[in-house]
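The values are calculated or read from the model by the stated rules, or taken from the named source; none is laboratory data. The shown structure was predicted, so the numbers you read here are calculated from the model rather than taken from an experiment. Glycine also receives a Cβ, built like all others from the backbone with ideal geometry; neighbour counts cover every protein chain displayed.
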Amino acid sequence: MGYVIAVHNQKGGTGKSTTATSLAVLLGLLQRDVVLIDSDPQGNATDAMGFKSRRQKGGRGYAEFLQNKRNGRTVVQRKVQRSGMVGSIGVLAATKENLLALEAQLQHPMLSMNTNAVADKIIELAEEKDYVIIDTAPGVTHLSVAALKAADLVIAPVVPTAWAFEGIQEVHNTLEAVRESEIPVWPVMVMATNNKASTSTYQALQEKYGDDVFEQSIRRSGSVEGYEAKGKTLLQVRSTSTAAQDYIAFTQEFLSRMEDE
């Protein structure tokens, strides 16, 4: 049985989609059997994986997977490559209107489709995979709650601002409210530059959360933004960038935590 990883922070602009897509792509290149789920109707992860038209026009995607008893028909395989390496991952795309409609259905207490049913479908999918990576929407949506209910752990990207600790605490509070069992929350710092404010925030995170904080932080700049519009991931568009190299090291640390004895 595989692991369900929710990439989540209730605050926007923290690099959730880039973290989710980069981790999924790199795991695929390392021959792990991976499915990337885009549960955010904005569809940034969907665009990065080359399925923008699917997000806009509808078709097979995450909403259809949740409403379809024959799960395999909705998982789209996508080949990815970097520096001559080729791998593939499954993608459950965000079909915008269908996801919004499903979110509305999940608010209705009389319908059979609820957050527990969604979580069960995710867990069932993970039984056949190594990793299921879920890119969640900002805030607390029903689809995000379902992802948190299904998750074995949460990766929480944070930016070095005054709200970094508030964002992680909100994740912990939501987890406590929606599920009985405790699961780890692993913060990862995503920053524009390696300045004093970033360094002090990182040190403060380590003091509060200890080894849960990833040692590898992600340094991003404007030069790596906008890759989703190209229908490719950061690793494909800017494979030699500092951010891409940081995500490679981050994935190695992730695997060390998950798979090393």
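Within region 24-42, which residues are surrounded by fewer than 24 Cβ atoms within 10 Å (Cβ to Cβ), closer than 14 Å to F254 by Cα and in contact with a helix residue (DSSP H, G or I) (Cβ under 8 Å, 6 or more places away or on another chain)? Before the answer, list the steps.
Let us first name the residues in region 24-42 that are surrounded by fewer than 24 Cβ atoms within 10 Å (Cβ to Cβ), namely 27, 29-33, 41-42.
Imposing the further condition that a residue be closer than 14 Å to F254 by Cα reduces the set to 27, 30, 32.
Matches in region 24-42: L27, L30.
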* To do: Look through V185, V91 and report the one residue that is within 21 Å of K11 (Cβ to Cβ) and either surrounded by 15 or more Cβ atoms within 10 Å (Cβ to Cβ) or of a type in the set (S, T, N, Q) (or both).
  => V185
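Examine region 164-172 for a residue that is modelled with pLDDT under 85, within 21 Å of L148 (Cα to Cα) and either among the small types (G, A, S) or surrounded by 14 or more Cβ atoms within 10 Å (Cβ to Cβ) (or both), and state whether such a residue exists. Full working, then the answer.
Let us first name the residues in region 164-172 that are modelled with pLDDT under 85, namely 164-165.
Within this subset, residues satisfying the condition of being within 21 Å of L148 (Cα to Cα) are 164-165.
Now drop any that are not either among the small types (G, A, S) or surrounded by 14 or more Cβ atoms within 10 Å (Cβ to Cβ) (or both), which leaves 164-165.
Yes: region 164-172 contains one or more residues that are modelled with pLDDT under 85, within 21 Å of L148 (Cα to Cα) and either among the small types (G, A, S) or surrounded by 14 or more Cβ atoms within 10 Å (Cβ to Cβ) (or both).
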* Would you please name the residue that is nearest to I89 (Cα to Cα), looking only at residues in region 234-252 that are at pLDDT below 85 and not hydrophobic (A, V, I, L, M, F, W, C)? => Q236
* Would you pick out the residues in region 226-248 that are more than 17 Å from the chain's Cα centre (by Cα) and outside any loop (DSSP other than H, G, I, E, B)? -> A229, K230, Q236, V237, T242, Q245
* **Whichever residue in region 74-95 is polar (S, T, N, Q) and in a loop (DSSP other than H, G, I, E, B) and, among such residues, is modelled with the highest pLDDT** => T95
* Structure fact -> In region 201-225, residues that are in a helix (DSSP H, G or I), modelled with pLDDT of 85 or more and surrounded by fewer than 19 Cβ atoms within 10 Å (Cβ to Cβ) total 9
* Could you give me the residue pairs with C-beta distances under 7 Å whose first residue belongs to region 232-261 and is of a type outside the set (S, T, N, Q), whose second residue is in a helix (DSSP H, G or I) and surrounded by fewer than 17 Cβ atoms within 10 Å (Cβ to Cβ) wherever it lies, and which are 6+ apart or on separate chains? => L234/V224; V237/K230; R238/V224; A243/V224
* Structure fact -> Out of (1) surrounded by fewer than 18 Cβ atoms within 10 Å (Cβ to Cβ); (2) out of contact with any His (no Cβ under 9 Å at 6 or more places or on another chain), the one Q107 does not meet is (2)
* **Matching entry among A156, A244, A249 (being crowded, with 17+ Cβ neighbours inside 10 Å, among the small types (G, A, S) and closer than 18 Å to R82 by Cα)** => A244
